[in-house]
1. With θ set to phi - 60° and the Karplus curve 6.51 cos²θ - 1.76 cosθ + 1.60, what are the ³J(HN,Hα) couplings of the range 162-168 in order, to the nearest whole Hz, using x for Gly and Pro?
2. Using R₀ = 41 Å, calculate the FRET efficiency as 1/(1 + (r/R₀)^6) where r is the Cβ-Cβ separation of A175 and A43; round to 0.05.
3. Can you tell me how much longer the chain between D121 and E213 gets when fully stretched, taken as 0.36 nm per residue apart minus their C-alpha distance, in nm with one decimal?
4. How far apart, in nm, are two points set 7 Å out from the Cα along the Cα-to-Cβ line at Q182 and at N195?
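Values quoted throughout were computed directly from the atomic coordinates according to the rules given, and no laboratory measurement underlies them. Keep in mind that this is a model prediction, so the values were computed, not measured. All Cβ positions, even for glycine, are placed from backbone atoms using ideal geometry, and neighbour counts span all protein chains on display.
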Amino acid sequence: MKKYAIALLTLSFATTFAFARSAERDTTERLQAAGQILNEIMAAPDKGIPDEVLNDAKCIAVVPDMAKGGFIVGGEHGRGVVTCRTAHGWSAPAFISIGGGNFGFQAGAESVDLVVLFMNDKGVQGLLSSKFELSGEASASAGPVGRHASAGTDWKMNTEALSYSRSKGLFAGVAVDGAKIQQDNDSTTAIYGKNVSFRQTLSGEVRAPASTESFLAAVNAAEKRANQHEAAETK
């Protein structure tokens, strides 16, 4: 009986360890995919996020391969990563899940990369609550696309969030309404070893693990490139 209990306990530990390793691997791959998405978007500035929009963004969220199949009938769901500006640079990434609501995705697309930029303090505070619904005044508007944002757009006025989607190589602004964003506890634990506070992470109080470096490098590279473009335009 004792040997049986020990064997059962050993099996339980092994299963838990294997699950943890799998979750860590999946989350690390998601971080790398999110970074690659930003790199590819910023490599085509004439068809990407305008420099001044990116430079004004307070938080950047990326959800790779969202709603892979079935989202046309309301099955929208995805898991991604978000980082916010702090006094010392971009914060360690926090992990999110997003689902529900209405997405202006291209009909027939099998998978969509979603990018959401939080543009003002009100949007950031909603995000920091760890359970936030993009609805009403807080819905995400379709972001402008191109090297520069049109002077006629109101993205600088009261826009809390701007959103974009990429599918089959097409990158475009997309409206998002009614979607719920909340902390992805499983991914958080997989990377940080415990369920660290969403607010503490995005406020810059948590140190970024080595596994998040590729994503943060992509965010910093995107910001640097946008700054260089703006500086060149002012000369």
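1. Calculated HN-Hα couplings, in order: 10, 10, 9, 10, 10, 9, 6 Hz.
2. Numbers: r = 25 Å, r/R0 = 0.62.
That pair, A175 with A43, gives E of 0.95.
3. Working: separation 92, 0.36 × 92 = 33.12 nm, distance 2.58 nm.
Stretched fully, the D121-E213 segment lengthens by 30.5 nm.
4. 1.1 nm
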